[in-house]
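A quick write-up on the structure given underneath.
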Amino acid sequence: MSEVSFSFDDKIYKGLASEPMAAALLRAGLLSITTSTYHARPRGVIGLGVEEPNALVQLVSGTQESMLPATVIEVTNGLAARSLTGVGALPEIPDEARYDKTNRYVDTLIIGAGLAGLAAADEHLRAGREVLLIDDQSGPGGHLRHLGLELPASMKKVITHGNLTYLPRCTAIGLYDQNYVVAIERRSDHLGNSAPSNRARIRVWHIRAERIVLAPGAFQRPLIFANNDRPGIMLSHAAATYADVHGVRIFKRAVVATVDNQGYRDALRLHVAGVQVQGIYDARATAKGPSVDAASAAGIPIRFRATVLDTASNVEGTLHDVTIQDLDTTETFQTAADLLAISGGWTPVVDLATHIGIKPMWSEKHAAFLVAHSNERLRAAGMLAGDFGDDDDPLVFFGPALDPEQSRHAYIDLQRDSTVYDLRRAVGAGLSNIEHIKRYTTIGTAHDQGKTSGMLTIGALCQLNGYTQDGKSGLSPAKIGTLSFRPPYVPIPFAALAGREREFLSDPIRITSLHQWHVEAGAIFEDVGQWKRPWYFPKPGERVEDAVRRECVAAREGVAVMDASTLGKIDIQGPDAAVFLDRIYTNMFSTLPEGQCRYGVMCKIDGIVFDDGVTTRLGKNHFLMTTTTGGAARVLAWLEEWLQTEWPHLKVYCTSVTEHISTIALVGPRSRELLREVVTDIDLSKEAFPFMHSRTGTINGIPVRIARISFSGELAFEINVAWAYARHIWELLWKLGRPYGLTAYGTETMHVLRAEKGYIIVGQDTDGTQTPYDLNMSWIVSKKKEFIGKRSFQMPYLKATGRSQLVGLLPESVDEVIPEGAYITVLNAQPDEHGKTQHTGWVTSSYYSPAISRAFALALVADGLKRIGEVVAVPVGKKVLRATICDSVLVDKENIRRDS
Amino acid sequence: LQSQASSATEIENRELFPYQPLTTDHSMLYIPCPHCGLRNETEFHYGAQAGVAYPDPNALTDTEWAKYLHIRANPKGWLAERWVHFAGCGRWLNLWRNTVTHEIGPAYLPFTKQPKMPVAPDRQEGSKA
């Protein structure tokens, strides 16, 4: 391995390519890596991988990712990081790295490339299956890597088998129902500057497997004792691995505290690495096995029924000496040590199994929760399934009894600085459920999600409830059960989940065929669903209100033009089309003559208004329905649902034609005059072509259908033309319209014009609780026929008083545009006994109207239709505005302009 | 306006995607669309309990109508549901699904004979320590 140099807290360190940063820092003698979040105590590395609760760093190179454990960062040349106090900061620079995702279907997915995973891979390969093997380490072998051992030749053959795909640095983050796994593969960080620029930093794998083998291994557990957080206190397996495999030579004298034979194995490795092991303090009464014999033969002092009670630090805050307690006599003594290696047993990684609701079961023999789940499709293997090897005999022991003072610095969750004291407080407050205790103490809620602290919490809770080490009395871990984990198993950048679907790729952008013209005309756009619609067309120096007033005046006094192409359009054909529309709309469509249009409202079966729009009868069996811009897909789905699931005998075919037909609305008293210049084959006169009629003809030889539909209340013509010809027609009108002062307008002006006429926008002036009656549209509800929602109008709650009804609202101050969404109260409303003032409605649409030279609004007001003329209050911030309830139609109530 | 569920014979006999009702062992958040075959669950929208025909609205009391509007079966276990393959063929289908284990059972077209309710295997089977 080549040597690299990296920086940590602005100091340069040497490391070996792809070794963990923690190893390089320890080798250089850096024991205190950070200070803890709440107690500001010095902290160092305690673990080997993702379980690490202490050694969090923030990268200051590359993506500047935060909250990464130094135990999982592979060092590269030029890597720079700094320490964190457990609180990260999002980088201020955008993440320029590439992220992607892929899908994979395999016969067998094996999670974990340790010995158990490799053995499972071998078995499945022999059965002729294609195998995907994923593992979060940089190479296969699992535990063997921590021992510095080569993969056996038989296992090398498995890894290189043609039917096996092996993904290193790939962590399963979620196990979902029906054998669906999401995993993240870190592909480029370990290559540092030499990573190809086109390589994705992280690839998200969506894997579906016929069979899954869970072989994630286990984390070693710490013990709970006073001052168990000092730098120099490590998990024994981590300490031995750093000394043995990574050449960390900074420890002189070690004390090992253990509850199983792993402590002996690690003591031996430390001994071989040149550390003087002062003694092994074993909580068990006796121990046997090859590792015990070997430690004994090496001359390491062993003492049973003893464990660590407390520690003390030197001036730097790192470990200085250890207080050992005899568990039978409770006598204590101190011994100097710069390393305290802890072996508190193993905690198999049950996280993934619990994601799909599997309940791990407590095994007293293993002193651990295990997953014995095994069926044809999902199986646990290795340590997760209880395969701990022969040379092990753990005791269920989590630490010595502590007095209240000791408990204040006996840490359960190092990242959260949560102690036994906190746990006792939670229990004292009456909490007994582990999930409640987690939330009260915040144990297990940090970035490591309790990988080391979860089991300690359970253990400490058992001790508090009189659990004895022989397991014969008190509350046992079996009764408490594990915490349930949720994905993701490790923290992942949101950028990885977003993948390439960022910025303009995050959601499709829909534009009309006139979009480029709008851009060139300097339109300011607004998003309406996925559509980009011109909001207004400012002239140089114009504010939005100036532009909107100018556009409104042009539409009411001259001629103006708007791109209405985003309206949803559904082509409805078939012999039963008219019958079908009668059932869908509240009003009658079968009586609509060919060549005419009708406004319709549709309700859901509960009688609530769902969408509205104008439908034109193009032929006996042919209609063109328009829907709201945002409702197009919903409405089409609604029509299909009824046709397919209730009325399959109706011969009706619905086709979305939204993007086949462009709609140009030519609006204003002079619109007929202008249109006459381009249309010669349709009689545009009031008598020959009345309101709500549709005609076909040509403009410059291009077939068009023109309808007298008006969403502004003015004389208006909607020109429908094939999508590709719209710009030609628009530019022709624009050229010829110059002498008329033709003005382009956007959605803001459209809103002002429609609101002046009391025309609703479903979803803005309704909130999903209004019937047509509430919207003052009883005229649109047919009494002669059945339709969807009709029965519900008879329901008492829809006929009750107090329902919100659509009304107009005129602010007392004519220039004061009330903010939309503002609440309305009765005048001089008094707070009730709870100090709350009841509202009587709210403002749904609010604008300044140039036509009536004042501000106005539409509002939903309780029983509003009966309260016309009432003065109400509208609290806005600290002010209380006054306004008068009025009819919702404020301009041309007699429709003289519209029908002219 | 009553449902015409009895007029199933009016549905054209179209050539359907050759599919076999899947056993629970093979479904993985896949839904067997009768028209398109096995497709990802994300291509479908849920449409509540299947087999609730639109009643004659005027034959029902207010209470009965409210029940039709708002009350649906919510069993712990297998439920016949309606789904629509919105990102595929756009067709509605019915489907057995287990609300506890989320297993997907056989799918069938509206107005066709409902397959038998699948037998639910015990999810914790074999998980005894």
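Observations on the structure shown:
- Cβ charges +1 (Lys, Arg) and -1 (Asp, Glu), total dipole of region A:107-249, debye: 320 debye
- Assigned charges on the beta-carbon of Lys, Arg, Asp, Glu; region A:24-170 dipole about Cα centre (debye): 300 debye
- A:SER853-A:THR330 pseudo-label distance in nm [points 7 Å out on the Cα-to-Cβ vector]: 9.3 nm
- Theoretical gain in end-to-end length, A:ASP546 to A:GLU641 [0.36 nm per residue, Cα-Cα removed]: 29.6 nm
- Beta bridges per DSSP, both residues in the protein assembly as shown: antiparallel share near 75 percent.
- For the segment B:62-68, counting C-beta atoms of other chains within 10 Å of every residue's C-beta and taking the mean gives 3.
- In region A:843-900, trypsin sites (Lys or Arg not before Pro) in a DSSP loop with at most 10 other beta-carbon atoms within 10 Å: A:LYS878
- Highest-first packing order for the peptide set B:86-97, A:476-487 is B:86-97, A:476-487, based on the mean count of other beta carbon atoms within 10 Å.
- Stokes-Einstein D in µm²/s, Kirkwood radius over Cα pairs - the protein assembly as shown at 4 °C with 1.567 mPa s viscosity: 38 µm²/s
- The mean number of Cβ atoms from other chains found within 10 Å of a Cβ in peptide A:176-182 is 5, as a whole number.
- Shielding by other protein chains, A:637-649, mean Cβ within 10 Å: 6
- In region A:815-851, GluC sites (Glu not before Pro) in a DSSP loop with at most 13 other beta-carbon atoms within 10 Å: A:GLU833
- Full extension of the segment from A:ASN103 to A:HIS649, taken as 0.36 nm per residue of separation minus the current Cα-Cα distance, would add 192.5 nm.
- Relative exposure of A:TYR105, B:TYR68, judged by other C-beta atoms within 10 Å (fewest first): A:TYR105, B:TYR68
- Set A:LYS288/A:LYS438; A:LYS790/A:LYS878; A:LYS604/A:LYS866 screened for pairs whose C-alpha atoms are more than 32 Å apart: A:LYS288/A:LYS438; A:LYS790/A:LYS878
- The label point for A:SER374 and the one for A:ARG425, both projected 7 Å from the Cα toward the Cβ, are 4.6 nm apart.
- Ranked by how many other Cβ atoms sit within 10 Å of their own Cβ, fewest first, the residues A:SER7, A:SER712 fall in the order A:SER7, A:SER712.
- Report note on the peptides A:658-664, A:513-519: ranked by the mean count of other C-beta atoms within 10 Å, highest first, their order is A:658-664, A:513-519.
- From least to most packed, judged by other beta carbons within 10 angstrom and beginning with the fewest, A:PHE369, A:PHE398 follow the order A:PHE369, A:PHE398.
- For A:LYS757, a cut-off of 18 angstrom between C-alpha atoms picks up these lysines, skipping any fewer than 8 places away in its own chain: A:LYS893.
- The simple Förster model, with R0 at 60 Å and r as the Cβ-Cβ distance, assigns A:ARG738 and A:LYS359 a FRET efficiency of 0.20.
- Part-to-part distance (alpha-carbon centres) for region A:444-502 and region A:160-223, which is given in Å: 22 Å
- When the trypsin sites (Lys or Arg not before Pro) in region A:575-666 are filtered for DSSP coil states and for at most 12 other beta-carbon atoms within 10 Å of their beta-carbon, the remaining sites are A:LYS620.
- Measuring r between the beta carbons of A:ALA829 and B:THR42 and using R0 = 30 Å, the FRET efficiency lands at 0.05.
- At R0 = 51 Å, FRET efficiency that the Cβ-Cβ distance of A:THR801 and A:LYS878 yields, to 0.05: 0.95
- Every helix of 4 or more DSSP H residues in chain A counts as -39500 (n - 2.57), and over all residues that averages to -5500 deg cm²/dmol at 222 nm.
All of the numbers you see were taken from the coordinates with simple rules; none came from a lab. Predicted model only: the values in this text are computed from it and were never measured. All Cβ positions, glycine included, derive from the backbone under ideal geometry; neighbour counts span all protein chains shown.
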